Every structure is written in C-alpha cells, then in structure tokens.
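Take a look at the structure set out below.
The values are calculated or read from the model by the stated rules, or taken from the named source; none is laboratory data. The structure presented is a predicted model; accordingly, all values stated were derived computationally and were not measured. Positions of Cβ are generated from backbone atoms using ideal geometry, with glycine treated the same way; all protein chains shown enter the neighbour counts. These area figures cover heavy atoms from the full protein model, side chains too; ligands, DNA and RNA do not enter into them. Shrake-Rupley method; radii C 1.70, N 1.55, O 1.52, S 1.80 Å.
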Protein chains: 2
Amino acid sequence: MATRVAMTTNINGVDVKRLTDTVAAVKAAPELGSFHFRISNRWTGGGENRSEVLPFSNAGKVVPHKTSFTLIADEPETLLGADNGANPVEHLLHALASCITTSTVYHAAARGIEVQKVESTLEGDLDLRGFLDLDPNVRNGFQNIRVKLRIKANATDEQMRELAQLGPRYSPVFDSVTRGVSVAVSAERL
Amino acid sequence: MATRVAMTTNINGVDVKRLTDTVAAVKAAPELGSFHFRISNRWTGGGENRSEVLPFSNAGKVVPHKTSFTLIADEPETLLGADNGANPVEHLLHALASCITTSTVYHAAARGIEVQKVESTLEGDLDLRGFLDLDPNVRNGFQNIRVKLRIKANATDEQMRELAQLGPRYSPVFDSVTRGVSVAVSAERL
C-alpha cells in the first residue's frame, strides 16, 4: 500500500500512523494478517432469523467485539415473510456497499487523500425462478449487481478516477462476491 | 361425497398455500419472478457507514418495505474502527447464514417437512495481506467459508440429508457467493 507522511495522522477518521504500522507489522510477520470471522445464526420462525456476531481471531488470538451485534433477516410479505428485517440478498448488498465504502476511505487515507463524502446506491437483479426450481437455466442468485458510487473529495480528476477504483481493487467483499468463495457445509441433527 | 380433510396451510411459519400459488403464478407468468433489490449506503466517518434498504421492484412494481431498515457497518479496533457494528465481511457471513436458513425452512415447508430448529455457525478465513496489497498471490476476499448447520426436525435420516442440502441447493446468497456475480461499478463526483 502506498503511504505518504502526513502532518496529521488522522485522515478520513482513519489513524494513518496505525495503518502504516499495521502494514509494516503484517509485512514483517505475515501470520498477523490471518483473520477468522465468525457468526452464529438461529431461525426465529417463518422467514425470520437472527445472527449474533462472534469474537473473531487474529493471528490465533480471540478478539471479542466491544458490544454484541444482532443482525435480523426476514422476507417481505411478497416473499411470505413478516418484513421484520432486510432480507438475505439485501444484506448481501449492504455487505458489498459497506466494504466498498470502507476500502475507499482507508486506501484514500493511506494515499493522503481527504474524502468528504462517500455515498452509493446498489441494485441487484434476481429471478425467483431459480429459487423456485422452475427453470434450470436460471441461477438462484443475483444475475447482476450495479454499484453507483458518489464521492466528494478535494481531488484532481486523476485522483477521482483512482478513488473510484479503490473499492473494486481492494474490497474483500467485492472480491468474494465477484470471484466466488468455496463454501463447505456440514450438517447434523440437533 | 368424499370429504377432504382441511389441510393446515402453515408449515414452519410459511403459508404453503401462498407458496404453492406463487410457484404456479411465476410458472404461468415468468416475469413475476423478476426482482430488483436496492440499498443506499452512506459513509459516516472512519470505518463506519450505514445502509438504508430501499423499496424493491417485483415484475416492474415498486414495493416498499413495511418499515425502514438501517444496517450499520464498522470495523473493530484491531482494524482501526470504533467497533460500532459488524464489519462488512461479518455482514456477508450473516447474509449467507440467513439465506441458507430461510431456503431450508421454505423448501422444507414446500415438502411438508416440519422443522423445529435451524441453527448454524459460520466461519470465514481472510488474509489481510490481500487488502493491504502486500502479496499479489493473496486474494482480498474470503479464502474459505465453513458452515455448520444444526437442524431439529421430526424427520427420517433420509429426510435429514435432504434438509441439509436445501440451503446449498436453493439459497440465492449461497449461489451468489460460491459462483460469483458480475458487479458493475460506476462513479461520479458529489
């Protein structure tokens, strides 16, 4: 990651000194880059279920979150739910949006580019015939996702083009969603 | 005259009559299966940002959610955030878990299999050297995700094996994450 000495170590709300230190530390000891993120999920009836975010591991050490986070999913009435939460594919869009935003802000900070605003709108196309098993040629998942990013920064046109590329280039969720991830599922009786 | 025993149409909290009607309707008019899901995201400082779930479209009609949903993402302190929310990759795990759960419950209902409990634990492996641009051979996203599913149901062993396959077989997020989705990003100045 390109870094630049800055007078203030806080750019875009990111402590650039700590970011630089993190880069140096992981470079020197690659195992510090090893993370395992975890959640547990429980069905609560019909289309509703809830996840609890569990402590993650970093370099073999378990790190609890500051507070507990409960994430609620449900389906809208059109999809036979009670509409008590965003549905799973909407949560996927949020994961993608949030990761593009954070990747943009962090990597802009590393380059010394101050960003004032980052906003985005995401839209994903889904054909329910996949889920309903009505057409083997229709996939179950999103067919396409469109991201419209809007950035406010005191930046040259060239820097703006660079900013627009930071999310796709670095975001872990963008990479996971566009390139795919191997998911192993095991099941047992409760 | 033979009397037909009134069937309960509610299995697993899912209205199976409506589910069957939905399948028939989409089969007869495939455009009814067309959905566009949308969210907007806004950076709120440092590693934090928030998404609002927008109305979705179904067969060209805009359908608002019953209430507004705000989804918060942040990074833990280890990753230079304030830990005010699950981070983007944890949200991705939630999206995956919730979709597997709902797909299991709905498709079990469609088969007349009553489920008492569905629980899962998910773990995803991530090497930060990707995001930090320290090694071109390390991907930015998850390297692997493991899902441990636990199901309680009055089901034969054969039915249990079938239940365990419903999530991977039908879940839109499972399909999106394992097979990948094309994501188009456009950007403009604010």
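Points to keep in mind about this one:
- Label geometry 7 Å along the beta-carbon vector: B:Asp157 inter-copy distances in nm: 7.0
- Label-point gap, in nm, between A:Asn144 and A:Lys66 - each point 7 angstrom along Cα→Cβ: 4.0 nm
- Here the Debye sum runs over all C-alpha atoms of the stretch A:34-190 as equal scatterers in vacuum, and log10 of I(q)/I(0) at q = 0.09 Å⁻¹ comes out as -0.41.
- Axial C-alpha extent at least 15 Å, average Kyte-Doolittle at least 0.5 - helices from chain B (DSSP): B:88-110
- Estimated from the Cβ-Cβ distance and a Förster radius of 30 angstrom, the FRET efficiency linking B:Glu31 and A:Ala82 is about 0.70.
- Fraction of antiparallel bridges per DSSP, the protein assembly as shown only, in percent to nearest 5: 80 percent
- Table column - 3J(HN,Hα) (Hz), the stretch A:123-129, Karplus curve with 6.51, -1.76, 1.60, x for Gly and Pro: 9, x, 9, 9, 10, 4, 4
- Virtual spin-label span in nm between A:Asp21 and A:Gln159, 7 Å along Cα→Cβ: 2.6 nm
- Residues of the stretch B:77-177: accessible area per residue with a 1.4 Å probe, Å²: 33 Å²
- Working from Cα pairs under 8 Å separated by at least six residues, relative contact order for the stretch B:76-190 is 28 percent.
- Here the 3J(HN,Hα) profile of the stretch A:139-147, calculated from phi with Karplus coefficients 6.51, -1.76 and 1.60 at θ = phi - 60°, is 6, 6, x, 4, 8, 8, 10, 10, 10 Hz, Gly and Pro shown as x.
- Summing Lys and Arg as +1 and Asp and Glu as -1 over all other residues whose Cβ lies under 10 Å from the Cβ of B:Pro55 gives a net charge of +2.
- In nm, spacing of pseudo-spin labels at A:Lys117 and B:Glu52 (7 Å Cα→C-beta vector): 1.3 nm
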